[in-house]
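All remarks here apply to the structure that follows.
The values are calculated or read from the model by the stated rules, or taken from the named source; none is laboratory data. Just so we're clear, the structure is a prediction, and the values are computed from it rather than from any experiment. Note that we place each Cβ from the backbone using ideal geometry, even for glycine, and neighbour counts take in every protein chain shown. In case anyone asks, the SASA skips ligands and DNA or RNA and just uses the protein heavy atoms, side chains included. Shrake-Rupley method; radii C 1.70, N 1.55, O 1.52, S 1.80 Å.
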Amino acid sequence: MKDNSRSNRMGTEPVVPLLLRLSIPSIIGMSVQSLYNIIDSIYIGRISTEALSALSLAFPIQMVLIAVAVGTGVGTSSLISRLLGEGNQERANIVAAHVVLATIFFGILIGTLGYFFSEDIFRFITDDPELIRLGEEYIRVIMLGSFAMFFPVVASDILRGEGNTFVPMLTLVLGAVLNIILDPFLIFGIGFFPRLEVAGAAYATIISRFIGGIFIAYLIFKGHNQVDIKYKGFKFDFKIIQDVYKVGLPAMVMQLLASIMIFGANTIVGMYNTVAIAVLGIYFRLQSFVFMPVFGLAQGFMPIVGYNFGHNKPDRMMKTIKFGILIAFGFTTAGLIIFQIFTAPLIQLFNDDPELLKIGVTALRRISIAFPIIGPAIIGSTTFQAIGKGLPSLIISFSRQIILLLPIMYLLGRVAGLDYLWLAFPISEGMVFVVMVIWLKRTLNNAVANM
C-alpha cells in the first residue's frame, strides 16, 4: 500500500513552514536554472554581439518548446494534486502514465520539424545572413533534442503533484550544473572538444538535459513514490488528456504568448539596431534570475492550494495564497533594487561594447520599475491554475503581452524613440495587474462560497 503521508501533510501541517519546505527545493532548482541561462549568454556574448543577437532571436522559438513542457507539466501537477486531495489514487497513477506518452509524442513531432525546417524558421524571423546562420546552428540542435528538454520537466511535475519538490530540484540542479560545466568546453573547444561556438551551447543544453532525464526517469519508475506509473493493462483514456490540458493548455498558450511577445519585441527594437536586440536578450536572461525563484515558489504553492481546494479547506487555501503573494513580492522587490543599483555591471557581464552598455542601462532601469507587482501577479496566475481555472490566466496574459505591451511599445518608440519604448513594460504590467486582482478576488469568493 502506498504511503499517503506526503499528500496528507498538505492538509494538516502549518501552512508557512509547509509552503517554504515545498518551495525551497524548487526555488533553488529554478535559480540554478536561471543562472545557467545567464552564464550561457555570457559565453555567447564573448564570441560577438551578433552571436548574442542570434541567441536572442532564437529565444522565442525555444519558448515554444518550453510552452509544450510547461503546459503539460502544469496541467499534470494541478490534476494529480486535486485527485490526491479527493482520495482518487488510482486515477492519479493513470494520469501520470498518460502524460509520459504525451511527452514522447511531442518530442518526436518537434524533432522532426527541427530537422527539416529550422533554417526556414529563422529566415522568417530575420533576413540578416549572419544571424540566420548562427541562429539556425543553435535551434536545429535544440529542436532535435527537444524530448530531452520535455521529459525532465513533465516528470518533475508528476512528483510535484504529490508534494515532492526535492527530486525535481535535484533534477534541475543536475541539468543546470552539467550545462554550466559543458558550455565552455563545447563553445570554445577546450582540450579535445571541438570549437562549436553557438551550436556548442545547444549541444551542452541537450546533453545535460538528457542526463537529468535519465536521473529522474529512474526515480519515478522505481515505484517508491505515491504516484505509481505502470503500463501493464494500460488503456488510453482521452478524458485524461482533456483534463490535463483543461488547465495545461491555457498555461501552454500563455508561454506561447510570451514567445510571440518576445518575437514582436525583437522586431520592434530591431527597427532601431541589432544591438537593441542583444539588449532585449540580456534583459530576458537577467530577469529570469528574479522571476525564476517566484516560479519555484509557485511550484510548491500549487499542490498545497490544489489539495486544500479539492479537500474543501477554504481557510487553509486562502492562508497559503496570502503568504505566497507576500513572499513573491519580497523576491521581485529585491530584484528591482538590484536592477536599479547594479545596472552597468550587469550589462558588462555579457559584453563591454559601449553602445550595448548605453542602451542596456536605460532599458533595464525602466523595465524593472514593474518588478514589485510581477511577483504577486505570478502567484495570482498560479492560483487560477491550482483550482482548475486556467482560462483567466490565459486572458490576463494575452491582454498584457499582446493587446497592451507590443502596441504601447511600438507607439512609444515611434513618438519618443528607443529610450522610451522600454516604459511599455511597466505600463502594461500595471494595467493588467489591476484587472487580475479584481478577477482573482471574485473567483476565490465564489470558490469559497461553494465549498
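Tabulated results
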read-out: Sole exception among (1) in a helix (DSSP H, G or I); (2) farther than 30 Å from SER56 by Cα; (3) open to solvent by 10 Å² or more (accessible area, probe 1.4 Å); (4) at pLDDT below 85 for LEU79, by number; value: (4)
read-out: Any hit, segment 165-179, residues being among the β-branched types (Val, Ile, Thr), touching a Leu at 6+ places or on another chain (Cβ under 8 Å) and either within 27 Å of ILE80 (Cβ to Cβ) or open to solvent by less than 60 Å² (accessible area, probe 1.4 Å) (or both); value: yes
read-out: Residue match in segment 85-107 (condition: more than 30 Å from PRO354 (Cα to Cα) and among the aromatic types (Phe, Trp, Tyr)); value: yes
read-out: Complete set of residues in segment 207-219 that are out of contact with any Ser or Thr (no Cβ under 8 Å at 6 or more places or on another chain) and surrounded by fewer than 21 Cβ atoms within 10 Å (Cβ to Cβ); value: ILE207, PHE210, ILE211, ILE214, ALA217, TYR218, LEU219
read-out: Check on ASN308, farther than 27 Å from GLY417 by Cβ and of a type in the set (S, T, N, Q); value: yes
read-out: Cβ-Cβ under 8 Å pairs, at least 6 apart or on other chains, segment 137-166 side modelled with pLDDT of 90 or more, far side among the acidic types (Asp, Glu); value: GLU137/GLU197; ARG140/GLU119
read-out: Residue tally, condition open to solvent by less than 70 Å² (accessible area, probe 1.4 Å) and among the polar types (S, T, N, Q), over segment 307-329; value: 2
read-out: Enumerated helices (runs of 4 or more DSSP H) restricted to segment 341-433, each holding at least 3 residues that are without any contact (Cβ under 8 Å) to a residue 40 or more places away in the chain; value: 343-348, 354-367, 406-416
read-out: Near pairs, Cβ below 6 angstrom, 6+ apart or cross-chain, from segment 34-49 (farther than 16 Å from LEU172 by Cα) to any residue that is open to solvent by 40 Å² or more (accessible area, probe 1.4 Å); value: ILE42/LEU349; ILE47/GLU197; THR49/ASP353
read-out: Top-ranked residue of segment 82-123 - restricted to ones that are of a type in the set (S, T, N, Q), out of contact with any Phe, Trp or Tyr (no Cβ under 6 Å at 6 or more places or on another chain) and over 14 Å from VAL141 (Cα atoms), ranked as least open to solvent (accessible area, probe 1.4 Å); value: ASN93
read-out: Single condition GLN255 does not satisfy, out of (1) open to solvent by less than 30 Å² (accessible area, probe 1.4 Å); (2) modelled with pLDDT under 85; (3) not in a loop (DSSP other than H, G, I, E, B); value: (1)
read-out: Condition check for GLY71: modelled with pLDDT under 80, of a type outside the set (D, E, K, R), under 30 Å from HIS311 (Cα atoms) and touching a helix residue (DSSP H, G or I) at 6+ places or on another chain (Cβ under 8 Å); value: no
read-out: Some residue of segment 313-327 being among the hydroxyl-bearing types (Ser, Thr, Tyr), closer than 20 Å to PHE284 by Cβ and in a helix (DSSP H, G or I); value: no
read-out: Qualifying residues in segment 417-439 (those that are farther than 16 Å from PHE398 by Cα and open to solvent by less than 40 Å² (accessible area, probe 1.4 Å)) - the one farthest from the chain's Cα centre (by Cα); value: GLY417
read-out: Residue within segment 277-288 that is more than 24 Å from ASP40 (Cβ to Cβ) and in a helix (DSSP H, G or I) present; value: no
read-out: Residue in segment 241-250 that is out of contact with any Ser or Thr (no Cβ under 9 Å at 6 or more places or on another chain), assigned to a helix (DSSP H, G or I) and without any contact (Cβ under 8 Å) to a residue 40 or more places away in the chain present; value: yes
read-out: Yes/no for ASP183 being touching a residue at least 60 places away in the same chain (Cβ under 8 Å), in a loop (DSSP other than H, G, I, E, B) and of a type outside the set (Ser, Thr, Tyr); value: no
read-out: Flag if ILE378 is loosely packed, with under 15 Cβ neighbours inside 10 Å, within 22 Å of the chain's Cα centre (by Cα) and on the phi < 0 side of the Ramachandran plot; value: no
read-out: Filter pass, ASP228 being closer than 23 Å to PRO60 by Cβ, assigned to a loop (DSSP other than H, G, I, E, B) and over 25 Å from the mean Cα position of the chain (by Cα); value: no
read-out: Residue list for segment 205-225, filter: in a helix (DSSP H, G or I) and of a type in the set (Lys, Arg); value: ARG209
